[in-house]
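What follows is a single structure, written as C-alpha cells, with notes after it.
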Amino acid sequence: MNITQHTKGTPTAAVDCAVVFLRDGQRPPKAIDAATDGLISDLIEKKEWNGRPGESLILHRPHGLKAPRLMLVGGAKKWDPRTAFESAAHAARAAVRCGKHISLEIENTALTRPIVEGFIFGNGNSDEHKTAGQRPSIESLTVCVTARSTKIARDIDRARISAEATNQARRVINLPPNSLGPVELADLATDLGTKAGMDVEVFDEHRLRELGFGAHLAVGQGSLRPPRLVRLSWSPNRADAQRHLFLVGKGITFDSGGLSLKTASQMETMKYDMAGAATMLAAMIAIAQLRLPMRVTALLALAENMPSGTAMRPGDIVRALNGKTIEILNTDAEGRLVLADALAHAVNLGATHIIDAATLTGAVSVALGDVNAGLLTNSVPFANGLVAAGTQAGERYWRLPMDDDYLAPMRGEFSDLRNSSANRKAGTITAAKFLEQFVGGVPWIHLDIAGVGWAEKNRADRCSGATGHSVRTLIRFVEALSGRS
Ligand code: BES
Ligand code: MN
Ligand code: ZN
C-alpha cells in the first residue's frame, strides 16, 4: 500500500473516501462538520451516530469535501494503541467498498503507528484461494495530519514494515497444508530471509540425525515429508557483541496428533500449528528491513505430525540434543519435542536471550481465550519488556506462574522427562516447565499463541483465519532492546 502524508486537511484530500474517526462522546472536527453543513452534529444529537467500536457510516457527496464520500468510524472511549489499531483495521475493512484510494484523518498523532498498522492489517484478507468473490484491496492511504513532521514519516515507515510483515505471516499461516510442508516452508523461509539480507542455513533430516536432534526427528518420522530446521541470522556490524537474541518458532505444518490422533473437528484448523515459526520468520524480515542494530537469530523447527507405520509411538523414549531422555506418552504433545531440540540448539549457539512462540496447548484457550496470549518465563524483568512492547503494539499477554511444583508431573518414570502429564491440570504451565529444561538458565520467554493465533469468524476489524498475533510486539520489543526509540 502506498502511504503519503497530507497536511492541508481532510476537506482537500482527493480520494475515493475520506475516513474520520468519531468516537463515543467526541465532537466532530470543525472542518468536517462544516463540510457537511452540520449534518454530523445532527446525527449525534438524534443519537443516530453513537461512535461505538464496530460502527461506521458512509455519507455521500458531502459538499465541502473534495472526496465523493465521507466515512465515520467509531472507536472505544479509551483511545490507546490497541483500540486505535482495531478501529483503523475496521476503517480499512469498511472503506474498501468505497474505492482504492482512501484518506484517514489522525488527530492524536502519538497513535500514528498503531493506526497505520491497523489500516494495513485491515486491508489484509484470507481470500487468496478463492476464484470468485475475492475482497478487493485498498491501494493508497493518505494520512491527514495538521503539520508535516519527520516523526510522523518515521512512524508511518515503521508501521508499514511491521504491518506488512504481520500480513505476510498471516498469508503463510493460511497456506493449506497440502501446499506447505516442512520442506516448502524451509524453502520459503530461505527465499524470504535471503532477500531480506539474512544469513540462512537449513538442516535436513540427515544433518539433524548427525547432530542429535532426537526429539525433533521423532516428530517428523511419521510423515512422508521430512523435517527441517531453519536458521536465519541478522548480525549487523553495529550490534552489541555481548548480546545474541534467539527467536524460536514451533513449525508443525500439520498436526494430526500422530498415533494419539486428534478428532476430525480438532484437526480442521491444524495447519496453523506452524504459526510460531511464521511469526518468527515475519519478525526477522522486519528486523532486517528496519536494520535494527542487534544480533538476532531465528530457529524454525519444522515437521509434520502424522500417524503411520513409521510414526513415533506412545512409550518410545528419545534423546534430545542436550542429552535428556524423554518418554513420549502422547504423540500429540509434539510441539514441545521439536522446541526442546531447537531451544537446546539456541543455547549451544550462544544465545543470551531466548523467546519462543508456539501454538503449544489447547489449555491456553481454556485459560485466556483469544484475548491474551499466554506468557511464561524464567526472567520476569525480561518478560516485562515484552509485555510493555505488547501494550505499545496493542497485543495482550498474561503471565502464568512457573513454580517448580509444576515440573513434577513432567518427570519421567523410565526417562528424565515425559512429554505429557498423567492428567490435564495446568496444561499450559506444565508444557512450559518442560521447555524450561532445555534453555539451560538463559533468560527466556515462552509465548503460547494457540488461543490468539487463529480467528474462527470474520469480525468488523479482521477476517477469519490467522491473526499474525505477536509479530508486531516482537518487532517493537527488538526495537526497544536495540535502543531504537
Ligand atoms: N497444536 C496443539 C495445540 C493446539 C490445540 C493448538 C488447539 C491450537 C488449538 C498441540 O500440539 C497439542 O496437541 N497439545 C495437546 C497437548 C496434550 C496432549 C498434552 C493439547 O493441548 O491437548
Ligand atoms: Mn499436537
Ligand atoms: Zn501441535
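Applying a threshold of 24 Å to the alpha-carbon distances of K324/K433; K77/K151; K100/K271; K66/K100 flags K77/K151; K100/K271 as lying beyond it. Going by alpha carbons, how many degrees (0 to 90, nearest 10) lie between the helix axis of 182-195 and the longest principal axis of the chain? The answer is roughly 50 degrees.
Note on surface exposure: T359, T269 rank T269, T359 by accessible area, highest first, 1.4 Å probe.
Annotation: amide H of I445 within the under-5 Å range of I354, I355, D356, sequence separation 5 or more or interchain, hydrogens built in the peptide plane.
Note on exposure: M280, M402 ranked by accessible area (1.4 Å probe, complete protein assembly) read M402, M280, with the most exposed listed first.
For H206, the accessible surface of its heavy atoms amounts to roughly 120 Å² (probe 1.4 Å, protein chains only, rounded to the nearest 10). Annotation: amide H-H contacts under 5 Å for R418 (H modelled 1.01 Å from N, sequence separation of 5 or more, or interchain): E327, R411, G412.
In percent, rounded to a whole number, the relative contact order of the stretch 2-148 is 33, using alpha-carbon pairs under 8 Å and six or more apart.
Determine the sum of side-chain charges near L339: Lys and Arg each +1, Asp and Glu each -1, restricted to other residues whose C-beta is under 9 angstrom from that of L339.
The answer is 0.
Of all beta bridges that DSSP places with both ends in the chain, some 40 percent have antiparallel geometry. Taking the longest Cα principal axis of the chain as reference, the axis of helix 81-95 is set at about 70 degrees.
Per atom type, the chain shows carbon and sulfur on 50% of its accessible surface, probed at 1.4 Å.
Couplings for the stretch 258-265, taken from phi via the Karplus curve 6.51 cos²θ - 1.76 cosθ + 1.60 with θ = phi - 60°, read x, 4, 7, 4, 6, 7, 4, 6 Hz in order; Gly and Pro are left as x. Across the stretch 441-457, rounded Karplus estimates of 3J(HN,Hα) from the backbone phi angles (6.51 cos²θ - 1.76 cosθ + 1.60, θ = phi - 60°) give x, 5, x, 8, 10, 10, 10, 8, 9, 4, x, 8, x, 9, 9, 5, 10 Hz, Gly and Pro being marked x. Evaluated at q = 0.10, 0.11, 0.18 Å⁻¹, a Debye calculation over the C-alpha positions of the stretch 2-148 (equal weights, vacuum) places log10 I(q)/I(0) at -0.31, -0.37, -1.02. Helix 275-289 axis versus longest C-alpha principal axis of the chain: approximately 60°, rounded to the nearest ten. In order along the stretch 103-120, the Karplus-derived 3J(HN,Hα) couplings, from 6.51 cos²θ - 1.76 cosθ + 1.60 at θ = phi - 60°, round to 10, 9, 8, 10, 7, 8, 5, 5, 9, 3, 4, x, 5, 5, 4, x, 5, 5 Hz, and Gly and Pro are given as x.
Here is the short version for the chain: C144, C463 have no other Cys C-beta closer than 4.7 Å. Could you tell me how far the Cα centroid of the stretch 264-282 sits from the Cα centroid of the stretch 419-455, in Å? Comparing the Cα centres of the stretch 419-455 and the stretch 264-282, I get a distance of 16 Å. Take the Kirkwood radius over Cα pairs of the stretch 175-481, plug it into Stokes-Einstein at 37 °C and 0.692 mPa s, and you get 174 µm²/s for translational diffusion.
So what does log10 I(q)/I(0) come out to for the stretch 262-384 at q = 0.10, 0.13, 0.18, 0.19 Å⁻¹, using the Debye formula with one equal point on every Cα and no solvent? The Debye formula, applied to the Cα set alone, gives -0.39, -0.67, -1.24, -1.34. Take every Cα pair under 8 Å whose residues are at least 6 apart in sequence, average their separation, divide by the length of the stretch 115-206, and the relative contact order is 32 percent.
Within the chain, what's the longest stretch lacking GluC sites (Glu not before Pro) that sit in DSSP loops with no more than 15 other Cβ atoms inside 10 Å? The longest such stretch corresponds to 269-412. Here the sum of -39500 (n - 2.57) over DSSP H runs of 4 or more residues, divided by the residues of the chain, equals -10500 deg cm²/dmol at 222 nm, to the nearest 500.
The values are calculated or read from the model by the stated rules, or taken from the named source; none is laboratory data. The structure displayed is predicted, hence computed values, not measured ones. Cβ coordinates were reconstructed from backbone atoms using ideal geometry, including for glycine residues, and neighbour counts include every protein chain displayed. The protein model used for the area step is the full one, side chains on, heavy atoms only, and it has no ligands, DNA or RNA in it. Shrake-Rupley method; radii C 1.70, N 1.55, O 1.52, S 1.80 Å.
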